[in-house]
Amino acid sequence: MLGRMGDKWTIMTITMLVQQPRRFNELKRMIGGISQQMLTRTLRSLEGDGLVSRKVHPSVPPQVEYSLIPLGQSLAQPLIALSTWVLENMGAIQSHRELIGTTPVNGL
């Protein structure tokens with residue numbers, strides 16, 4: 001479970017849903033770099049874990065909206081704190097990597 005919660009697509013998806021419910025294509029645009037297939041997998045997993053709800057609006061074509069439910073909201077705050085820490089310290093991390101000549105694991 002920790003591996004899935006620490007996945008970059010999961011973190012980005014949850015943080016994009018904190019402010020308001022969003023449609024699939026809106027999420028895809030906001031996240032950037034995520035494939036349609038990966039976003040679908042991520043959203044299905046989050047829904048299966050009880051973090052996200054999926055609402056289908058009857059229209060042609062059908063519009064699907066995703067939102068965080070209480071369990072997802074409770075996870076969002078620690079993930080935002082982690083994301084903020086990474087952004088604030090990325091320069092120092094990168095400098096240290098260059099200093100000792102290491103390469104990031106999994107491209108991170």
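Brief remarks on what is shown
- Among 50, 91, 33, the residue with the largest mean-square fluctuation in a Gaussian network model of the chain, with springs joining Cα atoms closer than 10 Å, is 91.
- In the chain, the ratio of gyration radius to Kirkwood radius, Rg to Rh, stands at 1.05 when only Cα atoms are counted.
- Note on the stretch 55-97: the alpha carbon radius of gyration divided by the globular reference 2.2 N^0.38 Å gives 1.94.
- Charged-residue dipole, Cβ positions (Lys, Arg, Asp, Glu), the chain about Cα centre, Debye nearest 20: 320
- Length available on full extension from residue 49 to residue 8: 0.36 nm per residue minus the Cα-Cα distance, which gives 13.1 nm.
- Extreme residue, positive dipole direction of the stretch 28-108, given options 77, 92, 36 (C-beta unit charges): 36
- For the stretch 1-48: Kirkwood Rh in Å [reciprocal of mean 1/r, alpha carbons]: 10.8
- Förster radius 30 Å - calculated FRET efficiency between residue 100 and residue 69, Cβ distance, rounded to 0.05: 0.10
- Mean residue ellipticity, 222 nm, helices only, the chain: the sum of -39500 (n - 2.57) across DSSP H runs of n ≥ 4, divided by residue count and rounded to 500, is -19000 deg cm²/dmol.
- Amide hydrogen neighbours beyond the local backbone of residue 69, cut-off 5 Å, H modeled: 52, 53
- Where labels lie 7 Å past Cα in the beta-carbon direction, separation of residue 37 and residue 86 in nm: 2.3
- Residue-wise HN-Hα coupling along the stretch 6-13, computed from phi with Karplus coefficients 6.51, -1.76, 1.60 (Hz; x: Gly, Pro): x, 5, 4, 5, 5, 4, 5, 5
- In order along the stretch 50-56, phi translates into HN-Hα couplings of x, 9, 10, 10, 10, 10, 9 Hz, rounded to whole numbers, per the Karplus curve 6.51 cos²θ - 1.76 cosθ + 1.60 with θ = phi - 60° and x for Gly and Pro.
- Ligands, DNA and RNA are left out, and with a 1.4 angstrom probe the accessible area of the chain is 67 Å² per residue.
- Most mobile listed residue (17, 39, 87) in the chain, GNM with C-alpha springs under 10 Å: 87
The values are calculated or read from the model by the stated rules, or taken from the named source; none is laboratory data. These figures come from a predicted structure and were not determined experimentally. Every residue, glycine as well, gets a Cβ built from its backbone with ideal geometry; the counts of neighbours run over all protein chains shown. Ligands, DNA and RNA are stripped out before the accessible areas are found, and what is left, the full protein with its side chains, is counted by its heavy atoms. Shrake-Rupley method; radii C 1.70, N 1.55, O 1.52, S 1.80 Å.
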